[in-house]
Amino acid sequence: MFRRMRQVAALASILCMLVALFGCGTPQQKEEARTKSYGHDGYMGLSNSNPGLPKNSSYFSYSSDINFMQEKLSELGGIQHAVFRFQDPDIYVTLTVSPELSENEAAALLERAHRTLIDNMPRYVIHMEPYKTAR
């Protein structure tokens, strides 16, 4: 009887070892199924996956920055023209305001424009120069 139990135990342990050896294996993957890695670009693949990643401080062009600032200022209303002078990282802004605005309204508009540009262009230091009134 003990002999039979030892044979069953030995058979069970061999069966467990076979399951452990062959059960954990995976079949070979086909070449198409393998994951592809990004290039070694120093950004851990980010510049390959995100081409809009700014790589240096002059990545953004001044013309696109001016267009963006003009778009934001046009949302305020009352500004007829804006002049931007770049001395990186400083921008000097001169606004031409509508002649219908009073002095107090023009000053408030200048403050709102300054705050809008500061909030939307954090990489620059914005300097508002005295405004002009359109004729």
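Nothing in this text is a laboratory measurement; each read-out follows from the coordinates by a stated rule. Quick caveat: nothing in here was measured; it's all calculated off a predicted structure. Quick reminder, even Gly has a Cβ in these numbers, built from the backbone with ideal geometry, and neighbours come from all protein chains shown.
What are the ³J(HN,Hα) couplings of the range 6-21, residue after residue, when phi is run through the Karplus curve with 6.51, -1.76, 1.60 and θ = phi - 60°? Round to Hz, x for glycine and proline.
Using θ = phi - 60°, the values come out as 5, 5, 5, 5, 5, 5, 5, 5, 5, 4, 5, 5, 5, 4, 5, 6 Hz.
Using a basic spin-label model with each label point 7 Å from the Cα along Cα→Cβ, how many nm lie between MET1 and ARG115?
Taking the two extended label points, one gets 9.4 nm.
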